Amino acid sequence: MQIRHKKSLGQNFLKDKLILERIVDSSEINPTDDVYEIGPGDGALTEFLFQKVNSITAYEIDRSLVPILNKKFSERNLEIVNIDFLNANLEELSNANSVIVGNLPYNVSSQIILKILESKITFKHCIFMVQKEMANRFILNQEKASKLSLLAKLRADIEELFEIPPEAFNPMPKVTSSLIKITPHKNYSQDFDTFKSILTVAFANPRKKISYPLKALFKTIPKFSFSLDLRPEDLALDDYFEILEEHEKQI
């Protein structure tokens, strides 16, 4: 049965078997892990995942793909949840052995990652294919920070495992993709919601000096260890922790 790719759902299915094999080999999935796949599509990656585990729960928004997946994996233990992952109850995934995998649609990849990070659920790690540009926005580098990279770093470590060329997909996208691994921090004491609100204020005008948003956060700007002439992107994560600590004192 020929599958019609739906542009509205950002469907670009992996077809390169060598890439699929490399993804699964990089996933660090153990036989005892609980695997959850986001957007299995035509089941290409699902098939390789079954080399690692005996059961998979897959979230697929496209109703037309459900019978195709059921037929393809009729002799496998595949549970298909036919909903938008953004509407899923993530508490059902919360488990120290949970590994969340997916070739994420470009148009909602950041929303999916943020949903997982903000949920505070327990999971082992995530393995996602995303647009390379999006991967770079989530990975905190030493030169320039972003709201996304700082938020992500508060909750987890995110690393790029390798790049995936456009030719590995059908239909072929115009951009290069990246395979990323998200490993949650076991403990973090900072308030995620308050930290997010501070970053929202700080990056509302990213080209202005950090002193500008600090005036909106404090009646009187406290003394900080960093220069107030820096831009929000120039501050390190610890600098924002310093802002958070001072902000919590006045609440």
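One chain, two ends: V81 and K223. Fully extended at 0.36 nm per residue, the span grows by 46.0 nm beyond their Cα-Cα distance. For M172, M129, M134, the sequence from fewest to most other C-beta atoms within 10 Å is M172, M134, M129. Helix 109-119 and the long axis of the chain differ in direction by around 70°, with both axes built from C-alpha atoms. Rg and Dmax over the alpha-carbon atoms of segment 165-235 stand at 18.7, 56 Å. Considering only C-alpha atoms, what is the centroid distance from segment 129-147 to segment 42-83, in Å? What the calculation gives is 30 Å, centre to centre. With a Förster radius of 51 Å applied to the beta-carbon distance between S64 and A236, the computed FRET efficiency rounds to 0.60. Note on K124: lysines with a C-alpha under 17 Å away, same-chain residues under 8 apart excluded, are K52, K115, K153, K181, K186.
Do any trypsin sites (Lys or Arg not before Pro) in segment 158-251 lie in a loop, going by DSSP, with at most 13 other beta-carbon atoms within 10 Å of their beta carbon, and if so which? Intermediate values should be presented prior to the final figure.
On the way: sites: K174, K181, K186, K196, R207, K208, K209, K215, K219, K223, K249; in loops: K174, K186, R207, K208, K209, K219, K223.
Those that pass, being in a loop and sparsely packed, are K174, K186, R207, K208, K219, K223.
Compared with the dominant Cα axis of the chain, that is its longest principal axis, helix 237-249 is turned about 60°. Per q in 0.09, 0.18 Å⁻¹, report the Debye log10 I(q)/I(0) for segment 7-184, using one uniform scatterer on each alpha carbon and no solvent. With one equal scatterer per Cα and no solvent, log10 I(q)/I(0) is -0.28, -1.24.
Counting neighbouring beta carbons within 10 Å and listing from fewest to most, the residues Y240, Y106 come out as Y106, Y240.
Antiparallel as a % of all DSSP beta bridges within the chain, to the nearest 5?
Values: 16 of 35 bridges.
Expressed as a percentage, antiparallel bridges in the chain total about 45.
All of the numbers you see were taken from the coordinates with simple rules; none came from a lab. This is a predicted model, so every value here is computed, not measured. Because the Cβ atoms are built from the backbone with ideal geometry, glycine has one as well, and the counts that use them run over all protein chains shown.
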